[in-house]
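Here's the structure we're looking at; comments come further down.
The values are calculated or read from the model by the stated rules, or taken from the named source; none is laboratory data. Just so you know, these numbers come straight off a predicted model, no measurement behind them. Glycine gets a Cβ as well: all are built from the backbone with ideal geometry, and neighbour counts include every protein chain shown. Protein only, heavy atoms only, side chains kept; ligands, DNA and RNA dropped before computing areas. Shrake-Rupley method; radii C 1.70, N 1.55, O 1.52, S 1.80 Å.
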Amino acid sequence: MRGNEFLDKLELIDPILIEAADELPKQKKTAWLKWSGLAACLCVVAASVFALTAHHKRPLEPAPDPNPIGVATDGPSDHPDRPQEVTSEAYSSLEELLDYLRDHDGHRQSDAQNGKGGYSTAHAAMTGADTVSYQSTVYQIDGTAGVGIYQSRELIGTVGTPADWLFVAGQRLVTVWVDCDAGELDPEYWVKVNVFDLSDPAHPQKLDTFTQLGDLTACWMAGDQLYLLTDDGVCACGYSRLSNLEDYKPQLFHGEEQIPWPEEDVSILGKPSHVSYIAATRIDTERLEVVGKRAYYGDIEDVYYGEDWLALVTQTATEHAHTLQDVYTFNGSLNFIGKVDMAAVFGLEKTLTWSEEPLRETYYPEVKAVDCSDGVWRMVGQSIHRIGPTWYSELFAVAYDPEGEKPTVQTLQLPEEQFDIDDVVWEEDRAIISAGFVQLDPYETGTRLAFAQFDKTEPTLLSSDILCDRVTGIDMMYSYGTPLGEIQPFISLGEGLYLRYNGMPDGFDLYDLSDSEAPKCLYRSQGAMADLPEGGRLDFDNRVLDEHTVAVKLIAPGPDGNYFKDATSSWVIVRVRLNETIPIILEESPRYPVEGTDPVTLR
Amino acid sequence: MEDGQIVELYLDRNESAIGHTAEKYGRRLRSLALGMTQDVQTAEECENDTYMEAWRSIPPHEPRGYLYAFLARITRHVALNRCRERDTLKRGGFVRELSTELEQCIPAPDDLECRLDAMALGEVVSSFLISLDREKRDMFLRRYWYLDSVSDIARRFGCSEGKVKTTLFRVRGRLRAYLEQEGYTV
């Protein structure tokens with residue numbers, strides 16, 4: 001029996017279970033959410049009044065396209081009636097967009113179009129963690145109970161606030177928590193940010209709270225500033241519509257006070273096919289105030305960000321057709337910089353109907369990673385060139401200087417006809433690309449390393465002879481298939497030296513990738529640990545302690561070999577000794593329990 | 001109208017049975033088909049095909065206590081076939097993706113001979129699912145019965161997509177082990 005037959009026969013599962021699975025999960029509503037729900041209702045009324053009065057102040061004629069491909073529009077607006085940041089070619093106000101979508105929703109077609117398909121190229125140091133430390137005190141998320149406070153590996157207290165992400169900035173502990181009210185047709189999400197003072201590290205004192213409507217898209221710290229991105233929206237096709245589209249406007253609270261979100265803080269990206277937005281907020285955790293915010297309405301598919309930039313990739317897929325991507329770029333103040341239209345970059349038609357696609361030759365470029373360096377936007381991706389029933393993949397790299405001419409592009413075919421980009425590592429002037437492939441005849445899987453070198457606005461793509469194991473997850477635990485953004489197989493040791501997970505449960509490869517034209521594989525380990533617990537596997541959670549030492553989480557199964565029950569985890573130390581015959585050593589002893597231990601303190 | 005009364009109308013060959021079915025369950029069935037096919041017109045066609053198939057199937061079936069599940073099973077079957085027929089880049093690929101995931105549950109996927117009949121397979125998988133906790137069971141069914149996307153499941157359960165993927169991967173592994181342990185070869 002094959003998978004498709006198995007899929008068919010699952011229809012014979014007990015009907016009671018099927019009915020039960022169609023019920024919405026019940027989740028306990030927290031006290032603050034009840035309060036915020038009431039507040040939200042009041043705010044919708046207030047916002048409606050505001051919107052009704054504001055609506056008549058805005059021009060209803062569609063605005064001209066402010067940003068043709070590759071043309072920068074940074075700087076003061078020449079149109080006093082329309083905020084420069086409203087980037088739409090078609091709509092002059094949010095009200096106009098919502099009025100249109102009320103009757104012309106395009107139906108959601110893509111899984112990624114709810115704004116959740118994004119992943120980030122942010123530097124690891126900016127992103128939150130489940131364990132952070134301040135001086136000698138460790139703070140660790142402890143399920144829904146709150147955040148455990150540890151000193152000398154002993155639990156000494158709890159911050160009684162649930163959290164999904166933790167940050168330490170200066171003398172502040174910042175927690176980010178997503179809560180959901182799933183008891184309605186369209187679940188309502190709220191993200192809550194709490195800021196604590198760490199003057200007494202053992203007893204954090206809560207200073208302030210910020211609450212924003214929507215599910216968490218991304219959050220990161222740049223200095224003292226927390227960037228918080230949430231998404232919300234609805235496919236208003238009649239099957240899931242909430243009648244009041246006013247519900248799909250951003251809402252932000254500082255403590256119990258709602259912060260107004262005027263039209264000036266809204267951007268409309270292109271021609272959205274459904275009501276969906278990402279709300280971005282900058283919170284100064286030292287001054288305890290919101291210092292910037294902007295809501296982006298559009299068919300946002302992917303989100304990329306860095307310390308002082310944000311890129312949003314839009315793509316529309318309706319029941320009849322789909323478009324090629326647009327990449328909208330924004331600065332650290334969340335203001336619009338410019339747009340890259342992939343159709344124009346490649347000289348292709350913008351829209352392709354589903355019905356004609358299988359019938360003709362098509363070329364479909366898809367951005368997979370975005371970065372910004374010295375004001376130049378750099379992108380890498382892959383194209384699918386379909387000719388009848390056959391197709392092949394191609395790498396591409398794009399460089400875009402908003403102050404320069406059109407974006408420049410280069411393409412490259414790899415020895416493998418079909419591949420998927422599994423991982424992209426950005427460095428100052430290049431990207432290291434892992435192109436994973438599966439060949440059926442003869443059967444072979446692997447990853448070819450390639451490089452996108454950027455000389456300011458001139459990209460150069462280089463293939464290499466290096467073939468690595470294709471790593472898509474942890475055997476017997478999880479697999480992502482194409483794991484782009486899900487796992488990071490490379491661990492940078494600096495100076496172009498990289499460890500890379502390989503197919504062994506405790507295996508690493510060592511690469512010198514300092515020269516893109518002559519990358520070297522220095523060592524491939526076939527299991528590096530002398531006393532690996534039976535069934536033990538390295539996790540992708542790791543911390544670089546110095547240029548020769550990395551702490552990596554190790555997961556060991558329970559007594560019956562079960563990874564799902566009674567599994568344990570600990571930190572092991574990986575030491576790299578370049579001049580030794582065996583340059584990679586894993587030291588598992590002594591085992592440090594994960595709980596209450598920040599690996600940075602293990603040196 | 002109660003499910004039992006609607007079923008009686010079918011058994012009496014009273015055509016108003018279809019109207020009552022549509023009134024009570026039409027929206028849910030259409031929504032189910034829309035989730036699978038992602039196409040409004042196709043979803044409506046699936047809904048209509050469901051009524052026709054129900055008319056043909058009752059009798060001999062008499063789903064008094066599980067009419068919605070009975071109808072939904074038909075809708076799922078019709079919608080899956082539509083997805084395969086249409087086989088557009090997105091939905092055809094999606095069904096193939098689900099099939100590939102489910103192959104991990106099959107102890108001997110290359111064995112073309114089906115040694116376990118469909119009814120028995122339904123019972124075995126149901127027994128396995130009952131042994132799981134509610135959240136894992138529902139995640140599995142949302143993915144492989146209702147064909148929800150991972151992101152939709154994450155939203156439904158208020159958790160991350162990573163958690164959904166990890167849970168599904170583990171449940172698939174456990175189902176495979178369960179089938180092997182019970183001595184089934186599918």
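Observations on the model:
- Set side by side, the residues A:Ile156, A:Ile141, A:Ile149 differ, and just one is open to solvent by 60 Å² or more (accessible area, probe 1.4 Å) and either farther than 18 Å from A:His203 by Cβ or not basic (Lys, Arg) (or both), which is A:Ile156.
- Counting only strands (runs of 3 or more DSSP E) that fall entirely inside region A:135-216 and contain at least 2 residues that are on the phi < 0 side of the Ramachandran plot and modelled with pLDDT under 90, the qualifying elements are A:137-142, A:146-151, A:154-159, A:172-181, A:188-197.
- For region A:438-493, a residue qualifies if it is open to solvent by 20 Å² or more (accessible area, probe 1.4 Å), in a strand (DSSP E or B), modelled with pLDDT of 80 or more and among the β-branched types (Val, Ile, Thr), and the qualifying residues are A:Thr445, A:Thr460.
- All positions within region B:126-147 that are among the polar types (S, T, N, Q) and within 13 Å of the chain's Cα centre (by Cα): B:Ser126
- Residues in region B:157-166 that are at the interface with another protein chain (Cβ under 9 Å from one of its Cβ atoms) and at pLDDT 75 or above were compared, and the one that is least open to solvent (accessible area, probe 1.4 Å) is B:Phe157.
- Single unsatisfied condition, A:Tyr363 versus (1) farther than 21 Å from A:Ala280 by Cα; (2) surrounded by fewer than 24 Cβ atoms within 10 Å (Cβ to Cβ); (3) more than 14 Å from chain B (Cβ to nearest Cβ): (3)
- Residue within region B:117-125 that is facing chain A (nearest Cβ under 7 Å) and either farther than 24 Å from B:Ala72 by Cβ or modelled with pLDDT under 75 (or both) present: yes
- Contacts under 6 angstrom Cβ, first residue in region A:1-22 being within 7 Å of another protein chain (Cβ to nearest Cβ) and free of Cβ contacts under 8 Å to residues at least 40 places away in the same chain, partner of a type in the set (A, V, I, L, M, F, W, C) and surrounded by fewer than 17 Cβ atoms within 10 Å (Cβ to Cβ), 6 or more apart: A:Met1/B:Cys114; A:Lys9/B:Ala118; A:Leu12/B:Ala118
- Comparison of B:Arg155, B:Arg137, B:Arg142 shows that the only residue that is in contact with a Leu (Cβ under 6 Å, 6 or more places away or on another chain), part of a helix (DSSP H, G or I) and not aromatic (Phe, Trp, Tyr) is B:Arg137.
- Reported count of residues in region A:259-292, each being under 27 Å from A:Gln171 (Cα atoms) and over 19 Å from the mean Cα position of the chain (by Cα), is 11.
- Filter result (of a type in the set (Asp, Glu) and open to solvent by less than 60 Å² (accessible area, probe 1.4 Å)) within region B:3-54: B:Asp3, B:Asp39, B:Glu47, B:Asp49
- If only residues of region B:61-80 that are of a type in the set (Val, Ile, Thr) and open to solvent by 10 Å² or more (accessible area, probe 1.4 Å) are counted, the one that is nearest to the other protein chains (Cβ to nearest Cβ) is B:Ile74.
- Pair list, Cβ under 7 Å, 6 or more apart: region A:445-473 residue more than 22 Å from A:Leu499 (Cβ to Cβ) and of a type in the set (D, E, K, R), other residue open to solvent by less than 30 Å² (accessible area, probe 1.4 Å) and in a strand (DSSP E or B): A:Lys456/A:Val376; A:Glu458/A:Ala399
- Of all residues in region A:364-400 being of a type in the set (A, V, I, L, M, F, W, C) and free of Cβ contacts under 8 Å to residues at least 40 places away in the same chain, the one that is farthest from A:Trp426 (Cα to Cα): A:Ile387
- Residues satisfying the stated conditions in region A:308-359, i.e. hydrophobic (A, V, I, L, M, F, W, C), in a loop (DSSP other than H, G, I, E, B) and either more than 22 Å from A:Gly388 (Cβ to Cβ) or modelled with pLDDT of 90 or more (or both): A:Leu324, A:Leu334, A:Leu348
- Flag not set for A:Pro415, criterion: in a loop (DSSP other than H, G, I, E, B) and touching a Gly at 6+ places or on another chain (Cβ under 8 Å).
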